[in-house]
Structure formats: structure tokens, C-alpha cells
Amino acid sequence: MQELGIYLHWPFCKSKCPYCDFFSRVDKKIDQDDIISNYLRQLSEYRSLIGTYHIKSVFFGGGTPSLIKPENIAKILGKIDELWGLDASAEISLEANPNTNTPDLFAGLRSAGINRLSLGVQSFNDDELKFLGRTHNSTQALKAIEDMQKNFTNCSIDLMYALPNQTVHSWQKQLQQACRLGLKHISLYQLTIEDGTVFAHKKIQPLEENKASELYLLTEDFLQQFGLHKYEVSNYAASGFQSRHNLIYWQGGEYIGIGQSAHGRLKLNNKWFAQTDNLQLDALTLKERAEELIIMGLRLTEGINKTQFKAICGLDFDNFINQDFLASAVAQGLLCNNTSHLLATRNGFLLLDKLIEGLCC
Ligand SMILES: C[S@@+](CC[C@H](N)C(=O)[O-])C[C@H]1O[C@@H](n2cnc3c(N)ncnc32)[C@H](O)[C@@H]1O
Ligand code: SF4
């Protein structure tokens, strides 16, 4: 049976972080029942539209979905089970913010059916947390990690780096702290200054590019010693702990997205569609789909599987990409091209956007 991932977007946060351009708002009076019944209705409509699938993963993202009451999480998972079936092999993740941690929250989420938690720690340093406008401190972050690890084997944290003036030494201390905690998955994001955010308005300058690259390469080497291997440009995992849901995006699988600003990709009657909220479907051309597969696939350490590429979009990989650009990028040591895969090298990962643009033009 075809496999499907389900993404549910929760667009509310307790406060808005000054760097964040994710779709989220701070709303003191949220009628959860209303939103949840809308999600349940949409799930039923998707089931009628797309038919049977094996549910590979469910992902509650945000915003801050750890604000959803556990009983509402259980209602959503119950509905998915009723519509498609949800077996023990499904990865069911939720993004949690340490500022929502209450004594029983994580146990409640586990009882509701969540089996993987991803915690937005961002930093273990109080000055950095303050700079990032986070409403938790390092003690609360550590407490939330402890509570998370008590309740979940499969868990992850997000950290942000390449903050203005960050040094190799201070970033290494953050990594050391994370590794000491025995985490099996870590997502590490370089701070980007996004248009429309408070940071952009304040003209905050990110760390200079060469220094950010130095931190990126150091991260890979450092985490490797602790058995955490880079499998995607920002994601590191011990064997067996890669995010199965995110791999659907990077490997070009099918998923639906529910909630304002959520999106999906579906193959219906042998044609690919981009799906947006409320069952909106827009047909994708083969070229558009092929470009997406390159944009997403090159983010993976294993790179793009050429056979899979053809199976997904129907186009021959070697004919599709710009061969002159490829030859030059291989000669410069930025890409590695073998019969089965095209992948970025260690240095290539520092120039991913340029490589993607060159391959697709
Ligand atoms: C949608 S947030 C989910 C986590 C949760 N809302 C929280 O912040 O704790 C996903 C992650 O994206 C990262 N992120 C958001 N904006 C970013 C930016 N401008 N630069 C780098 N990373 C960013 C943060 O690490 C954040 O944890
Ligand atoms: S980083 Fe997370 S908590 Fe902060 S505003 Fe964005 S989604 Fe909300």
C-alpha cells in the first residue's frame, strides 16, 4: 500500500520570537474545540478524496503544538486511526516548547499517542536565550529535557547557532552539553535573519559567512564522535533515530498538511499535486516536481537516488540536470556523482543553494 505522512499545523505560541517567520500568532483566547473539530472534519474529507494509505507518520508542528491539550491530540490520532488505521510502526511526533512544560504534560502527550518529541531548546546559555527572546532559561530547558527523556526514547532537541559574535569555543560548549545528555537526534539551525521579523527590523547582522561555515564543519566532526551522524543539512541522528516524517519530505514521498499555512504533496491518478489548506490541489508539472526532488534530495547526506527520482517524477535524472554545471561542480569537489546517487560533498554542503540552482538551470 502507498505510504502517507500527515502534518498538522498548530499556529499559536505563548509569545513570538524575534527571529521567527513561521506562521504563528499569540492568541490568549483560543477555542481549541473549534479548531480541533475543523481538523477532524478535514481529515475525513481527505480520506474521501485520497482513499486508503498506510500511515507512516503523523507530525504536530507549529507554532507551538505542545499547547494542544493531550485529550485533543488523542482525538486527532483516534480519528486518523478510524479513517486509515494507525499501527505501532507509525512515527507520531510533536514539537514542544520548554515554556509549555508543566509537570504532567509530557506523560500526557505520551498517553495520548505521541511517540517522538522534538524540543525547541535553542541554547543552553541564558544570555543567548535572552537575545533570542525565548521565555525559558537554561535551567528550564534542562528540566524539560529531563522530563522528555523520562517519557520518550525517541526524542530530539533544536539548537540555534551562528548567532552574532558566537565563537567556536561557545558553540563547542553548547554541543558538549547536548552530547552529555545522550540525545539520539539533534536539529541544528544556523540563525537566518528573515524579512518582516523583529531581528530584520533591528538590522541584526548574522555571523559572518566564513565563521558560520567553520561552525558548521566543526559541528559535523564533533557530533560524529558521539555517534550522531549528519543525515540532512541540519539534522544529526544515532542509527535508527532519523526523523521518518521529515525523510518523507526529503525523499519525495506523499503527505498531507492540515492547518492554515500547511501544505502537502500527493500523487493522484498518476499526477502530482501541491496541496494547501482546505483540500486545495494544484497540479505540478513534471519539471516542477523534478526540481523539488533535487532541492529536497540534495539536503540529504545520502543525496538523490536516481532510480527513485525516475520512479517519482518519471524523468531521467541524468538527462534532467545541467551536465556542464555538474562536471564543473564535481571537478571543484562540491558534488559526488556515481551511477546510483548524486550527493553533496562536505564542502558542497556549504554551497547547497548555488549547487541546486546550477543543476536545475
Ligand atoms: C517551528 S519551530 C518549532 C519549535 C517551537 N515552536 C519552539 O520554538 O520551541 C522550529 C525550529 O525552527 C528554528 N528556527 C525558527 N526560526 C529560525 C531562524 N530564523 N533561524 C534559524 N532557525 C530558526 C528553531 O530552532 C525552532 O525550534
Ligand atoms: S520559534 Fe517557535 S515559539 Fe518562537 S515564535 Fe516561532 S514557532 Fe513560536
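The values are calculated or read from the model by the stated rules, or taken from the named source; none is laboratory data. This structure is a prediction, so every number in the text was calculated from the model and none was measured. Virtual Cβ from ideal backbone geometry, glycine too; neighbours counted across all protein chains shown. SASA here: full protein model, heavy atoms, side chains in, ligands and nucleic acids out. Shrake-Rupley method; radii C 1.70, N 1.55, O 1.52, S 1.80 Å.
Here are the numbers:
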{"item": "Accessible-area ranking of 189, 236, largest first, probe 1.4 Å", "result": "189, 236"}
{"item": "Pairwise label distance in nanometres, residue 302 with residue 52, each label 7 Å out on the Cα-Cβ vector", "result": "2.7 nm"}
{"item": "Fully extended contour minus Cα-Cα distance, from residue 127 to residue 71, at 0.36 nm per residue", "result": "16.6 nm"}
{"item": "Antiparallel content of DSSP bridges confined to segment 3-247, in %, to 5", "result": "20 percent"}
{"item": "Cβ-Cβ FRET estimate between residue 357 and residue 269, R0 fixed at 30 Å, reported to 0.05", "result": "0.40"}
{"item": "Rg over Rh [alpha-carbon atoms, Kirkwood Rh] for segment 305-361", "result": "0.95"}
{"item": "Solvent accessible area, Å² - residue 197, 1.4 Å probe, full protein context", "result": "10 Å²"}
{"item": "Solvent-accessible surface (1.4 angstrom probe) belonging to residue 39, in square angstrom, nearest 10", "result": "10 Å²"}
{"item": "Heavy-atom accessible surface of the chain: percent carbon and sulfur, 1.4 Å", "result": "50 percent"}
{"item": "Extended-chain gain in nm, criterion 0.36 nm per residue less alpha-carbon gap, residue 286 and residue 179", "result": "34.3 nm"}
{"item": "Probe 1.4 Å, protein heavy atoms only - accessible area per residue of the chain in square angstrom", "result": "46 Å²"}
{"item": "Length gained when the stretch residue 279-residue 28 is fully extended (0.36 nm per residue, less Cα-Cα span)", "result": "87.5 nm"}
{"item": "Theoretical FRET efficiency, 1/(1+(r/R0)^6), r = Cβ-Cβ of residue 150 and residue 229, R0 35 Å, to 0.05", "result": "0.85"}
{"item": "Cross-link table 203/354; 143/173; 267/306; 306/354; 56/267, entries beyond 22 Å C-alpha to C-alpha", "result": "203/354"}
{"item": "Distant-in-sequence amide H partners of residue 229 (H built 1.01 Å from N, under 5 Å)", "result": "237, 238"}
{"item": "FRET efficiency estimate (nearest 0.05) - Cβ-Cβ, residue 140 to residue 328, R0 51 angstrom", "result": "0.55"}
{"item": "Area of residue 353 that stays accessible when all protein chains are in place (1.4 Å probe, Å², to 10)", "result": "120 Å²"}
